[in-house]
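One structure is given below, encoded as structure tokens.
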Amino acid sequence: GMMWNTIMERNVGIGGFEKLLTGEARWTDPDFVRGFEDYAQLVNNDYFTNGSLGLPYAEQSTRFLKGEAAMIFTGTWDVNRFTGAEAGGLDGSIGYFAFPAVEGGKGDQTSINASYSNGFGFSANLSNGQKEMVKAFIKNFYTEEVQKRTLLEDKLLPSMKLSDLSGVDPLISEVLKAMVNASSSWRAFDAILQPGVSADIGVCLQELIGQVKSPEEVAQQLQTAQDKANHP
């Protein structure tokens, strides 16, 4: 789903997903169909592991670290698995590149998916003293010094740009630089579309991977779901 989301964003732009909600765009529009075609091309060219629909999520990293897969498409939460002892004999020989541009695509070709899912929440019912404590915590935690410590000691990627990457693993440095240099960021499709449509996308992608439906057929299937979600 993440790979497809990036391919589709490259083709239609994240604004295209938002327009599906208003009816300004349809899944059957040429740019959306092209996004499904590009995804299907990866499947049809055997870039996916055989039998991938039956494999658990963790298996992709396991096979990659065993040298049984050339590349892996994943998120920053996985980056620490590919450095240090967990990377085994591949430590230091694993590289990174951001997803490439799609020729003729209408999206932002150097953007990244950056839906931040972790953060702090504070009660709205606080005394003045407690509010000062919260402000002091935020001021202290969101500093380059502390953010770098969380990176080096807890292996958590920083939530702010770091000017000093000394001592940081080269692979993690590559990822951080890509994040800093990205032209824009966008939310994942399931943070934009209705839950029912998002669920159907998962089914449609499985049908493309299983090669039981064409890009045009899944586009029509999703448009039917979208119409139903837009006009319940």
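Couple of notes before you dig in:
- Potential lengthening between S159 and Y96 on full extension [0.36 nm per residue; Cα-Cα distance subtracted]: 20.7 nm
- With a Förster radius of 35 Å applied to the beta-carbon distance between R149 and M71, the computed FRET efficiency rounds to 0.65.
- Long-range amide H partners of S185 with built H, under 5 Å: I112
- Qualifying GluC sites (Glu not before Pro) for segment 58-116 [loop in DSSP, other Cβ within 10 Å: at most 11]: E68, E103
- Put a dot 7 Å past the Cα of Q41, heading toward its Cβ, do the same for Q206, and the two dots end up 2.7 nm apart.
- Taking Lys and Arg as +1 and Asp and Glu as -1, the other residues whose beta-carbon sits under 15 Å from that of G95 total -2.
- Distance between modelled label sites at E59 and M179, nm, 7 Å Cα→Cβ extension: 3.0 nm
- Think of a 1.4 Å ball rolled over the protein heavy atoms: segment 66-154 then has 72 Å² of accessible area per residue.
- The relative contact order of segment 102-229 comes to 29 percent, based on Cα pairs under 8 Å that sit 6 or more residues apart.
- Within-11-Å neighbourhood charge of I14 [Cβ basis; K, R +1; D, E -1]: +1
- For the chain, projected area of the alpha-carbon convex hull averaged over all directions, nm²: 15.9 nm²
- Taking R10, R187 and ordering them by how much accessible surface each has at a 1.4 Å probe, largest first, produces R187, R10.
- Spacing of the modelled spin labels on K135 and Q109, each 7 Å from Cα toward Cβ, amounts to 4.8 nm.
- Potential lengthening of the chain between R187 and K228 amounts to 12.5 nm, from the contour at 0.36 nm per residue minus the alpha-carbon distance.
- Each Lys or Arg adds one and each Asp or Glu subtracts one; over the other residues with Cβ under 12 Å from the Cβ of D31, this totals +1.
- The angle between the Cα long axis of helix 128-141 and the longest principal axis of the Cα atoms of the chain comes to about 80 degrees, rounded to the nearest 10.
The values are calculated or read from the model by the stated rules, or taken from the named source; none is laboratory data. The structure displayed is predicted, hence computed values, not measured ones. Cβ sites come from the backbone with ideal geometry, for glycine too, and all protein chains shown count toward neighbours. Accessible surface is based on the protein model in full, side chains and every heavy atom, while ligands, DNA and RNA are left aside. Shrake-Rupley method; radii C 1.70, N 1.55, O 1.52, S 1.80 Å.
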